[in-house]
Amino acid sequence: MRAVKLYGARDVRVEDVPMPTIREHGDAIIKLAAACVCGSDLWAYRGIDPITEPITVGHEYCGVVTEVGPTVTNVKVGDFVVGSFFASDGTCEICRSGYYSGCLDRRGMGGENCQAEYLRVPLADGTLVATPTTPSDDLIPHLLAASDVLGTGWFAAKAAEVGPGKTVAVIGDGAVGLLAVLAAKELGAERIIAMSRHEPRQKLAIEFGATDIVTERGDAGVARIKELTDGLGVHSALEAVGTQESMMQAIRSTRRGGHVGYVGVSHDVNLPGLELFFSHVHLHGGPAPVRAYLPDLIERIMTRQIEPGKVFDLTLPFDQAADAYAAMDNRSAIKAYLTF
């Protein structure tokens, strides 16, 4: 089968690799319906996360089950399924508390290579959720988005206590930030401020529910947020970048007693303790427990209440994966979708 491998900074190759096989009794094999590139894949692509040998990439997936291990009972051959970027057993105390991505036996799906034609999913019973019926082709991008970027944006909103009557700021206009806007809208936010300098992303943010656009960044962005909120700041800030500037912008844009939900993969972020102490801001985030939200998100997608797959603004054949990475790297694409 074909699969993507990353050999080093900006060195993406599509290669023939062996088909995955059942290795543990709880495994499932799925034929992927499509593949995609995530913004977090770019950390290694850009050399910020250096690699010394070829690595598998991709952690978002949906498709049809072709084989299951002997102990798998929750899904069967022929089911169309969606899973999370962390495999989880669904039975440990952490999973039962709703934090599947913190499972005591969590397995990162990037190591299995989700940018491929077939995929082994460990801990299938705790990881995969079957759709109620086989989805039509036009629903595939939306279901693929649920595997990470939608679920991650949803967690950002949940972590920041978004709800009716709240004013929200979203820091980051990548796929996760844009779907955090959608999540905030679905969870009832009254006002949603999207921070973006890019017109196509601004338009999609408005389509997803943003009421205001702020183009400033850093301290200027904070000042603009305060100006829009009578000097108080927002009730909820959703941080979807992972840099020092974005994290401080989120914290400083939040009113006293407000909440920051951070889901950007943190790189060299240091928090000033005294400032945080006197801010009275709640911080919560990390790897999103996507599996907890999948039943709800799948239902919203299958009933066409939401269309998160609109974040895919570039579609390419799988063999052009290198072009997909380059387009996301230079920000000519929000999120690239690869077809087999």
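The values are calculated or read from the model by the stated rules, or taken from the named source; none is laboratory data. Source: prediction; values computed, not measured. Backbone-built Cβ (ideal geometry, glycine too); neighbour counts: all protein chains shown. Note: accessible area is taken over every heavy atom of the protein model, side chains too, but ligands, DNA and RNA are not part of it. Shrake-Rupley method; radii C 1.70, N 1.55, O 1.52, S 1.80 Å.
Can you compute the helix-only [θ] at 222 nm over the chain? Use -39500 (n - 2.57) per DSSP H run of at least 4 residues, normalise by all residues, nearest 500 deg cm²/dmol.
It lands at -8500 deg cm²/dmol.
Tell me, what HN-Hα J-couplings in whole Hz come from the Karplus equation 6.51 cos²θ - 1.76 cosθ + 1.60 at θ = phi - 60° for each residue of the range 219-228, using x for Gly and Pro?
The phi angles translate into 4, 5, x, 4, 4, 5, 4, 4, 4, 7 Hz.
For the range 100-110, take each phi angle, set θ = phi - 60°, evaluate the Karplus expression 6.51 cos²θ - 1.76 cosθ + 1.60, and give the result in whole Hz per residue in order, putting x for glycine and proline.
Coupling constants for the range 100-110: 4, 6, x, 2, 5, 10, 5, 10, x, 6, x Hz.
Where the accessible area of the chain is counted over protein heavy atoms with a 1.4 Å probe, how much of it, in %, is carbon and sulfur?
50
Ordering His284, His59 from largest to smallest accessible area (1.4 angstrom probe), what's the sequence?
Values: His284 70, His59 30 Å².
Descending accessible area places them as His284, His59.
Lysines within cross-link reach of Lys166: Cα-Cα under 16 Å, excluding same-chain residues under 8 positions apart?
Lys158, Lys185, Lys226
Find the percent of Cα-Cα distances in the chain that exceed 26 Å, and round it to a whole number.
When all Cα pairs of the chain are counted, 46 percent exceed 26 Å.
Straight-line reach from Lys31: which lysines fall under 29 Å, measuring Cα to Cα and dropping same-chain residues less than 8 apart?
Answer for Lys31, where 29 Å is the Cα cut-off: Lys5, Lys76, Lys310, Lys335, listed by chain and number.
Which of the aspartates and glutamates could a cross-linker span from Lys203 if the Cα-Cα distance has to be under 14 Å and same-chain partners fewer than 8 positions apart are dropped?
The reachable aspartates and glutamates, counting only those whose Cα sits under 14 Å from Lys203, are Asp173, Asp212, Asp313.
Sum up the charges of everything whose Cβ sits under 13 Å from the Cβ of Leu104, counting Lys and Arg as +1 and Asp and Glu as -1, but leave Leu104 out.
Charge balance near Leu104 sits at 0.
Could you tell me which of rounded, prolate or oblate describes the range 191-251, using a ≥ b ≥ c as the square roots of the eigenvalues of the alpha-carbon gyration tensor, with rounded for a/c under 1.5 and, failing that, prolate when a/b is larger than b/c and oblate otherwise?
Note, shape of the range 191-251 comes out oblate.
Please compute the length gained on full extension between Ser97 and Val17, using 0.36 nm multiplied by the number of residues separating them and subtracting their Cα-Cα distance.
25.0 nm
Compute the long axis of helix 175-186 from its Cα atoms, compare it with the longest principal axis of the Cα atoms of the chain, and write down the angle in degrees, 0 to 90, nearest 10.
70
Rolling a 1.4 angstrom probe over the protein chains, ignoring ligands and nucleic acids, what is the accessible area of Phe312 in square angstrom, nearest 10?
Near enough 30 Å² of accessible area.
State in Å² the accessible area per residue of the range 131-285; use a 1.4 Å probe, count heavy atoms of protein chains only, and round to the nearest integer.
That works out to 41 Å² for each residue.
Over all Cα pairs of the range 1-126, how is the pair count split among 10 Å bins, expressed in % and running from 0 up to the last occupied bin?
Per 10 Å bin, starting at zero, the Cα-Cα P(r) for the range 1-126 comes out as 14, 42, 33, 12, 0 percent.
Given the whole protein assembly as supplied and a 1.4 Å probe, what does the accessible area of Leu228 come to in Å², nearest 10?
30
Using modelled amide H (1.01 Å from N, peptide plane; none on Pro or chain starts), what sits under 5 Å from the amide H of Gly258, excluding residues fewer than 5 places away?
His282
Out of residues 5 or more away from Ala336 or on other chains, whose amide H comes under 5 Å of its own, with H placed 1.01 Å from N in the peptide plane?
Counting only residues 5 or more places away or on other chains, the set is Val37.
Quick check on the range 257-340: take the gyration tensor over C-alpha atoms, sort the square-rooted eigenvalues as a ≥ b ≥ c, and tell me if it's rounded (a/c under 1.5), prolate or oblate.
Working: a/c = 3.17, a/b = 1.55, b/c = 2.05.
Verdict is oblate for the range 257-340.
Could you give the longest part of the chain that holds none of the trypsin sites (Lys or Arg not before Pro) found in DSSP loops with at most 14 neighbouring Cβ atoms within 10 Å?
77-196
Let me make sure I get this right: for the range 205-295, a, b and c are the square roots of the gyration tensor eigenvalues over alpha carbons, sorted descending. Under 1.5 in a/c it's rounded, otherwise prolate if a/b > b/c, else oblate. Which is it?
In terms of gyration-tensor shape, oblate.
More than 17 Å apart: what percent of Cα pairs in the range 77-125 qualify?
In whole percent, the long-distance tail amounts to 35.
Considering only Phe155, Ala240, His280, whose Cα is most displaced toward the positive end of the charge dipole of the chain, charges sitting on Cβ of Lys, Arg (+1) and Asp, Glu (-1)?
Result: His280.
For the range 188-340, what does the equivalent ellipsoid look like in terms of its semi-axes, each the square root of 5 times an eigenvalue of the Cα gyration tensor, given largest first in whole Å? Numbers along the way, then the final one.
Details: eigenvalues 176, 69, 58 Å².
Each semi-axis is the square root of five times an eigenvalue, giving 30, 19, 17 Å.
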